[in-house]
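Comments concern the structure below.
The values are calculated or read from the model by the stated rules, or taken from the named source; none is laboratory data. Because the structure is predicted, anything quoted here is derived from the model rather than measured. In this analysis, Cβ positions are derived from the backbone assuming ideal geometry, glycine residues included, and neighbour counts consider all displayed protein chains. Side chains included, ligands, DNA and RNA excluded: accessible areas come from the protein's heavy atoms. Shrake-Rupley method; radii C 1.70, N 1.55, O 1.52, S 1.80 Å.
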Amino acid sequence: RIVEESVDEVEQIVLPGVGFDLIAQRFTEGKEVRVFELDQVETSTVKIETLKRAGIRHDWVTYIPVDYSRESWVEKLLEAGFDKRKKTLFVWESVSLFLEDDVVKETLTQMAEISADGSRIAQDFYSRAFASGGISRTVRSTSRLMERMGEPWRFGIDMSGDSKAAVESFLKECGLT
């Protein structure tokens with residue numbers, strides 16, 4: 001919904017860690033917006049090959065394969081033509097849960113640093129209680145499954161008190177409002 005509502009109001013959309021999601025294909029085709037997708041090299045390669053084989057147009061999307069452990073995603077984005085002066089929508093969903101706290105903070109801080117006035121970040125946050133599997137038996141079971149698959153849940157915000165204040169405080173630490 002956020003992409004659909006924002007596509008005509010921004011000049012760029014950045015989708016870090018988008019995986020196999022087809023958000024760009026669904027909402028940006030034929031629009032006057034530059035689209036950048038950043039993902040792991042293998043994921044990007046498989047996605048592009050699959051889109052080609054399926055005959056799904058994707059030629060307006062700039063795919064940026066990045067090895068997050070060895071390369072700067074910001075440098076790769078800038079090299080691909082991202083313009084820091086343009087109003088941008090970052091859509092960073094279903095990624096931070098799997099990252100360490102410092103990586104989430106660093107990534108959001110970097111987004112803030114390269115964003116023009118009026119830019120937005122669409123980000124999902126999970127509570128620490130959820131990330132630890134403490135919400136319910138179903139969540140605990142899913143958390144254990146993810147850990148066995150090598151994708152443990154790591155990041156969560158302490159929302160045991162005022163959740164809105166907790167998120168706002170975290171965002172402020174990252175240079176965001």
Estimated dipole of the chain in Debye, rounded to 20 [Cβ of Lys and Arg +1, of Asp and Glu -1, Cα centre]: 500
May I ask you to evaluate 6.51 cos²θ - 1.76 cosθ + 1.60, the Karplus curve with θ = phi - 60°, for each residue of the stretch 77-85 and list the ³J(HN,Hα) values in order in whole Hz, giving x for glycine and proline? 5, 5, 4, 7, x, 4, 10, 5, 8
How long is the gain from ALA116 to SER163 if the chain were fully straight, where each residue apart is worth 0.36 nm and the alpha carbon distance is subtracted? 14.2 nm
Counting only residues 5 or more apart in sequence or on a different chain, those whose built amide H sits under 5 Å from that of ALA122 are PHE90, VAL91, TRP92
Return the Cα extents of the stretch 41-177 along principal axes one, two and three, sorted largest first, each rounded to a whole Å. 44, 37, 27
Could you provide, to the nearest whole Å², the per residue accessible area of the chain with probe 1.4 Å? 59
The ³J(HN,Hα) series, computed from each phi in the stretch 118-129 with the Karplus coefficients 6.51, -1.76 and 1.60 at θ = phi - 60°, rounded to the nearest Hz and given as x for glycine or proline, is x, 6, 9, 10, 9, 9, 9, 10, 10, 6, 4, 4
For the peptides 132-138, 87-93, 100-106, what is the packing order when you average, over each peptide's residues, the other Cβ atoms within 10 Å and list the highest mean first? 87-93, 100-106, 132-138
Quick one: which residues, 5+ away or cross-chain, put their amide H under 5 Å from the amide H of LYS86? H built at 1.01 Å from N. ALA116
Karplus 3J(HN,Hα) series, Hz, for the stretch 48-59 with 6.51 cos²θ - 1.76 cosθ + 1.60 (x for Gly, Pro): 4, 4, 5, 4, 4, 4, 7, x, 8, 4, 7, 5
With the crude spin-label approximation of a point 7 Å out along Cα→Cβ, what separation in nm comes out for LYS31 versus ARG140? 4.2
Using Cα pairs closer than 8 Å and at least 6 residues apart in sequence, work out the relative contact order for the stretch 45-156, in percent. 26
Considering only VAL18, ALA80, ILE135, whose Cα is most displaced toward the positive end of the charge dipole of the chain, charges sitting on Cβ of Lys, Arg (+1) and Asp, Glu (-1)? ILE135
Working with all protein chains in place, sort GLU11, GLU113 by solvent-accessible area computed with a 1.4 Å probe, largest first. GLU113, GLU11
Interchain or long-range residues, amide H under 5 Å from ILE157's placed H: TYR126, SER127, ARG128
